[in-house]
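The values are calculated or read from the model by the stated rules, or taken from the named source; none is laboratory data. Model, not experiment: these values are computed from the prediction. Please note: Cβ atoms are built from the backbone with ideal geometry, for glycine as well, and neighbour counts cover all protein chains shown.
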Amino acid sequence: MKPNCYKKKTGLTYKSVFGRMKWDDVAPTLTTQFYNYGTGRYGHPEQDRAISIREGAILQSFPKKYKFVEHKKKFKITEVARHIGNAVPPKLAEYIAQTIINHLYERGVLNE
């Protein structure tokens, strides 16, 4: 799925564009442009396309039914992608918060 200019010897040094994700590997760090196939290694593992906005959100650990915008409200894909790409993954934030809370309980700063 690479354009011909990236197949030439001079284009082989661009390792971070037009890459395909793998089912059995760790996903790359998402950026705000993850929905664009040419801006990173965000190619779908099997289909000839970039990952979708929803797939990016799931990779970031947002709940599958998380609503980034109100139903039927107009929005720009770039705005939603920026929200997802810039986000601290919710599961990571939850883990960090729980670790801090546990530490505060252990130190007696918080009472049960």
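Name the pairs whose Cβ atoms lie under 7 Å apart, with the first residue in segment 88-105 and at negative phi and free of Cβ contacts under 8 Å to residues at least 12 places away in the same chain, the second in a helix (DSSP H, G or I) and aromatic (Phe, Trp, Tyr), and 6 or more positions between them or separate chains?
No pair meets every condition.
Report, by residue number, each residue of segment 76-99 that is of a type in the set (A, V, I, L, M, F, W, C) and either surrounded by 12 or more Cβ atoms within 10 Å (Cβ to Cβ) or in contact with a strand residue (DSSP E or B) (Cβ under 9 Å, 6 or more places away or on another chain) (or both).
Selection gives Val80, Ala81, Ile84, Ala87, Leu92, Ala93.
If you go through segment 31-64, how many residues are among the small types (Gly, Ala, Ser) and within 11 Å of Val17 (Cα to Cα)?
So the answer is 3.
Look through Val80, Val69, Val109 and report the one residue that is part of a loop (DSSP other than H, G, I, E, B), under 19 Å from the mean Cα position of the chain (by Cα) and aliphatic (A, V, I, L, M).
On the way: Val80 fails: part of a loop (DSSP other than H, G, I, E, B); Val109 fails: under 19 Å from the mean Cα position of the chain (by Cα).
Val69 is the lone residue from the list that is part of a loop (DSSP other than H, G, I, E, B), under 19 Å from the mean Cα position of the chain (by Cα) and aliphatic (A, V, I, L, M).
Check whether at least one residue in segment 22-44 is over 28 Å from Tyr95 (Cβ atoms), of a type in the set (Val, Ile, Thr), modelled with pLDDT under 95 and surrounded by fewer than 17 Cβ atoms within 10 Å (Cβ to Cβ), and report yes or no.
yes
Among the residues of segment 59-75, what is the count of those that are of a type in the set (A, V, I, L, M, F, W, C) and buried (at least 16 other Cβ atoms within 10 Å of the Cβ)?
2
Looking only at segment 56-77, decide whether some residue is at pLDDT 95 or above and among the acidic types (Asp, Glu).
No.
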